[in-house]
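Input: a single structure, listed below in structure tokens.
The values are calculated or read from the model by the stated rules, or taken from the named source; none is laboratory data. Only a predicted model underlies this, so the values are computations on that prediction, with no experimental measurement involved. Virtual Cβ from ideal backbone geometry, glycine too; neighbours counted across all protein chains shown.
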Amino acid sequence: MITAFWCVLIAALLPYAAVGIAKAGPDYDNRAPRAWARTLEGRRARAYAAHQNGLEAFPFFAAGVVIATIADAPPNLVDLLAAIFIGARVAYIYAYVADLATLRSVVWVLGIACVIGLFVAPLTV
């Protein structure tokens, strides 16, 4: 189950990788970052949106890992679902930034399915 715990850390950090893509460029304004973010367009706006979505998805995922762990779900299943979630989130960021809307939706659904799986994994015991 240690893999799942590392995945929680990775999931917490992934939104900052996405926002790093958005902030890359000479016009980033650290004095007014929220106002600056409202001016974004194209690839950088999508990267910022991926950042926001990652922040939204994180609590649900982290809670799923914690609940699966304390409810004695099979450790290998918890690790597998957590790892697939991370892969889906990485693919989500890529698809969002690359403007691949259908792929983005597919990997989002995969990620959410993994989170739901974490909540029901204890029932498989």
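Would you check if Gly111 is within 11 Å of the chain's Cα centre (by Cα), buried (at least 18 other Cβ atoms within 10 Å of the Cβ) and within 17 Å of Asn53 (Cα to Cα)?
Values: within 11 Å of the chain's Cα centre (by Cα): yes; buried (at least 18 other Cβ atoms within 10 Å of the Cβ): yes; within 17 Å of Asn53 (Cα to Cα): yes.
Answer is yes for this residue.
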Practice task
Restricting attention to helices (runs of 4 or more DSSP H) lying wholly within the range 13-106, give those where 2 or more residues are closer than 30 Å to Val125 by Cβ.
Solution key: 42-70, 75-97
Exercise for the section: Look at Gly42 and say whether it is at pLDDT 95 or above, closer than 26 Å to Ala98 by Cβ, over 12 Å from the mean Cα position of the chain (by Cα) and exposed (fewer than 12 other Cβ atoms within 10 Å of the Cβ). Expected result: yes
Fill in the blank from the handout: Note: among Ile70, Ile2, Ile21, just one is among the β-branched types (Val, Ile, Thr), at pLDDT 95 or above, over 19 Å from Val109 (Cα atoms) and loosely packed, with under 13 Cβ neighbours inside 10 Å, namely Ile70
Problem - One residue from Tyr16, Tyr94 being loosely packed, with under 14 Cβ neighbours inside 10 Å and within 14 Å of the chain's Cα centre (by Cα) - result: Tyr16
